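Read-outs: derived from the displayed coordinates by stated rules, not from any lab. Just so you know, these numbers come straight off a predicted model, no measurement behind them. When we count neighbours, we look across all protein chains shown, and the Cβ atoms used for this are built from the backbone with ideal geometry, even at glycine.
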Amino acid sequence: MNIKVCLFACAAIAVFVSSAAAGDAALGQKVFNKCKACHEVAEPKNRVGPSLKGLFGRSAGSVEGFAYSEAMKNSGIVWSEDTLKAYLADPKTVVPGTKMSFTGLKKHEEIENILEYLEEATK
Ligand code: HEC
């Protein structure tokens, strides 16, 4: 009887732990709902904002055919986990004069989760 209870409980814990570990990118995809009116991740298609396809390692302001602000083009930023963390927390302070109308992600977990998602989704 006790062994059966344990088997059930342990299986439930294992399922919970494995889904929590893989959960970051899934939560990040939800955070991306705040961006997707303006940004495409997987397609090289510009909307109000430039496509984010191939984002990691790319220079800021470099998508062909997108009319960036001078501020973004001249920012000298190369997008990486660190530069994105700073920019997404406070776009207007990191790139003064950016035309991205977004106040920033205020919660640390939101930024961690969205980066996890973006790293896969923009490949
Ligand atoms: C209201 C539309 C809008 C929203 C919402 C928005 N963006 Fe943007 N985003 C833009 C625009 C416009 C630019 C170009 C900014 C410039 O040229 O100054 C931009 C630029 C960027 C860049 C730089 C891209 C490059 O090619 O250099 C990144 C990265 C980015 N946005 C990510 C995000 C993420 C992640 C979110 C959600 C948390 C988000 N944006 C929300 C409109 C938006």
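PRE reach from Glu119 (point 7 Å along Cα→Cβ): which of the stretch 79-102 fall under 11 Å by backbone N?
81-82
Treating only the Cβ of Lys, Arg, Asp and Glu as charged (+1, +1, -1, -1), what charge dipole size does the stretch 23-121 show about its Cα centre? Round to the nearest 20 debye.
Values: 13 positive and 14 negative charges, 97 e Å.
I would put it at about 460 debye.
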